[in-house]
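Participant: Got a structure for you, written out below as structure tokens; questions coming shortly.
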Amino acid sequence: MTTELESCLKTVSADIRMILERSLEGHEVTVMDGALLSEARGTDLHALCLVADELRRRQAGDRVTYVVNRNINFTNVCIKNCKFCAFARTIRSEQGYFLPHEEIARRVRQAWDMGATEVCLQAGLSPNLTGDSYIDLCRVVKEAAPDIHIHAFSPEEVKFGASLKRVSFKDYLVLLMNAGLGSLPGTSAEILNDQLRKIIAPTRISTAEWVDVITSAHELGIPTTSTMMFGHVESVEDRMGHMDLLRRIQRGTGGFTEFVPLSFVHEEAPLFVKGKVSGVRPGPTGDDVLRLYAIARLMLGHDIPNLQASWVKEGLRTSQLLLSSGVNDLGGTLMNESISTAAGARHGQLMTPATLRRVIRDAGRNPVERNTCYRIVREFGPTADRDPIEPLDAVQDSDAVFGSYEALTLDARFHYEPRGLRVVG
Ligand code: SF4
């Protein structure tokens with residue numbers, strides 16, 4: 001324990017100090033403890049962050065990891081109407097797009113040539129999709145770049161594909177795995193509480209179904225990430241209950257690679273803009289983000305050692321600050337970030353490896369490129385002098401090289417046409 005932490009703990013409120021000291025001794029932080037820690041302000045918050053940093057050091061070491069990857073959101077047309085989502089378009093929208101296989105293959109090849117080890121495929125639930133579409137997509141990706149890792153399909157998409165194919169979640173996951181799927185994003189979780197889900201996304205996959213997809217994947221040896229969207233209408237108890245559920249799943253399966261808290265991006269979200277739900281907050285405040293990440297380290301770090309800051313949601317500066325509050329991973333380069341951009345996030349669609357390494361080093365830590373499953377791809381030295389020159393680092397204008405989300409929605413080549421006129425997938 002550092003001297004700073006020891007002296008800081010002496011100034012902290014008694015009830016919070018007891019939880020912090022017990023967590024440093026290896027005791028579990030309960031849901032009630034987490035709720036109490038959520039009241040930490042000022043010096044108490046500072047001590048909470050110092051304890052999260054100390055636990056991060058013990059559980060994940062001083063390396064900070066990132067992955068070179070590309071997002072391919074292959075369609076924005078969706079039959080759902082999640083109130084927090086500004087990405088989806090209806091089948092009649094002028095801005096609806098659907099990428100054909102050739103374009104997806106081109107994007108995969110380009111990503112591989114740029115040094116990516118992973119592509120992340122997630123999209124709207126388009127009526128053009130069939131029970132075979134996601135399986136075919138895996139094959140298209142593997143034909144384009146046989147060694148790239150396919151990180152794809154949220155539990156909501158797995159449910160959609162399985163229902164179209166008329167098979168169980170598990171049987172569908174086997175089909176995807178046989179076609180090349182490597183891991184699942186643990187998205188479509190938001191807050192795993194059905195009462196709250198009915199408010200923010202009434203037709204969303206239920207908590208039980210989400211858990212079913214995730215645990216089925218883990219049983220098959222398919223790892224997944226875990227996520228939580230916060231800063232909208234949820235309570236402190238909802239957040240802690242969500243993290244406790246993830247912890248219980250992890251203790252049963254060990255299949256989560258990481259936990260990624262995701263700040264609600266409100267600017268364009270119908271939930272906020274159209275006043276569809278009363279009492280919705282405009283995302284978390286800065287202190288709320290620090291607190292949540294630090295509590296996540298305390299509650300989950302023993303079982304899920306990797307805690308990722310999302311530069312897409314938090315911005316790179318806040319993400320760097322979070323490296324001192326429990327975080328050990330900065331996520332991916334993305335190349336094409338669309339979903340948060342559509343919701344009003346202003347942090348861009350690409351983060352180059354050199355930029356990620358710069359902020360990691362400036363925080364006094366060691367940058368490491370990892371793969372999707374946290375195996376080390378490359379370690380880097382304490383200075384940039386010997387860093388390799390990577391193709392992605394040379395990208396000056398990511399819109400020109402990778403295409404922007406806005407341009408995609410206006411591109412006549414990819415305009416969505418309902419099935420019957422042009423069948424894709
Ligand atoms: S969050 Fe996903 S399922 Fe919900 S509306 Fe948006 S694209 Fe569709």
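Participant: Being within 15 Å of Ile191 (Cα to Cα), under 19 Å from the mean Cα position of the chain (by Cα) and among the hydroxyl-bearing types (Ser, Thr, Tyr) narrows it down to one of Ser263, Ser235, so name that one.
Facilitator: Sole residue among the options that is within 15 Å of Ile191 (Cα to Cα), under 19 Å from the mean Cα position of the chain (by Cα) and among the hydroxyl-bearing types (Ser, Thr, Tyr): Ser263.
Participant: Let me ask something additional. I need a count of the residues in region 277-298 that are exposed (fewer than 15 other Cβ atoms within 10 Å of the Cβ) and touching a residue at least 60 places away in the same chain (Cβ under 8 Å).
Facilitator: Within region 277-298, residues that are exposed (fewer than 15 other Cβ atoms within 10 Å of the Cβ) and touching a residue at least 60 places away in the same chain (Cβ under 8 Å) number 1.
Participant: To continue, here is another question. Taking only pairs six or more apart or across chains, which ones have beta-carbon atoms under 6 Å, a first residue in region 403-415 that is farther than 16 Å from Thr341 by Cβ, and a second residue that is modelled with pLDDT of 90 or more and of a type outside the set (A, V, I, L, M)?
Facilitator: That search, which allows pairs on different chains as well, returns Phe414/Tyr97.
Participant: If Gly326 satisfies all but one of (1) in contact with a strand residue (DSSP E or B) (Cβ under 8 Å, 6 or more places away or on another chain); (2) on the phi < 0 side of the Ramachandran plot, what's the number of the condition it fails?
Facilitator: The single condition Gly326 does not satisfy is (2).
Participant: Mind listing whichever residues of region 191-218 are in contact with a helix residue (DSSP H, G or I) (Cβ under 7 Å, 6 or more places away or on another chain) and among the hydrophobic types (A, V, I, L, M, F, W, C)?
Facilitator: Those that are in contact with a helix residue (DSSP H, G or I) (Cβ under 7 Å, 6 or more places away or on another chain) and among the hydrophobic types (A, V, I, L, M, F, W, C): Ile191, Leu192, Leu196, Ile200, Ile205, Trp210, Val211, Val213, Ile214, Ala217.
Participant: Taking region 161-213 only, how many residues are buried (at least 22 other Cβ atoms within 10 Å of the Cβ), touching a Cys at 6+ places or on another chain (Cβ under 9 Å) and β-branched (Val, Ile, Thr)?
Facilitator: So the count comes out to 1.
Participant: Here is a further query. Residues of region 54-79 being assigned to a loop (DSSP other than H, G, I, E, B) and either in contact with a helix residue (DSSP H, G or I) (Cβ under 8 Å, 6 or more places away or on another chain) or closer than 23 Å to Thr372 by Cβ (or both), which ones?
Facilitator: Gly61, Asp62, Val68, Asn73, Phe74, Asn76
Participant: Only one of Thr203, Thr224 is in contact with a strand residue (DSSP E or B) (Cβ under 6 Å, 6 or more places away or on another chain) and within 29 Å of Val119 (Cα to Cα). Can you tell me which?
Facilitator: On inspection, the qualifying residue turns out to be Thr224.
Participant: Shifting gears a bit: Taking Gly182, is it more than 16 Å from the ligand (Cβ to nearest atom), under 21 Å from His149 (Cα atoms) and in a loop (DSSP other than H, G, I, E, B)?
Facilitator: In short, no.
Participant: Here's something else I'd like to know. Considering only region 80-173, give the helices (runs of 4 or more DSSP H) lying wholly within it that have at least 1 residues that are within 16 Å of the ligand (Cβ to nearest atom).
Facilitator: Answer list for region 80-173: 133-144, 155-165.
Participant: Considering each residue of region 349-365, count those that are modelled with pLDDT under 95 and closer than 23 Å to Ser325 by Cβ, and give that number.
Facilitator: 1
Participant: Going by what's in this entry, would Ala105 be described as under 17 Å from Leu408 (Cα atoms), surrounded by fewer than 24 Cβ atoms within 10 Å (Cβ to Cβ) and in contact with a helix residue (DSSP H, G or I) (Cβ under 8 Å, 6 or more places away or on another chain)?
Facilitator: yes
Participant: Keeping to region 246-290, report how many residues are more than 24 Å from His46 (Cβ to Cβ) and part of a helix (DSSP H, G or I).
Facilitator: The number of residues fulfilling the criteria is 12.
Participant: Let me ask something additional. If you take just the helices (runs of 4 or more DSSP H) that sit entirely in region 301-417, which of them hold at least 2 residues that are away from the ligand (no atom under 16 Å from the Cβ)?
Facilitator: In region 301-417, the matching helices (runs of 4 or more DSSP H) lie at 311-314, 316-322, 353-362, 398-402, 405-410.
The values are calculated or read from the model by the stated rules, or taken from the named source; none is laboratory data. In this text, all values refer to a predicted model and were calculated from it rather than measured experimentally. Positions of Cβ are generated from backbone atoms using ideal geometry, with glycine treated the same way; all protein chains shown enter the neighbour counts.
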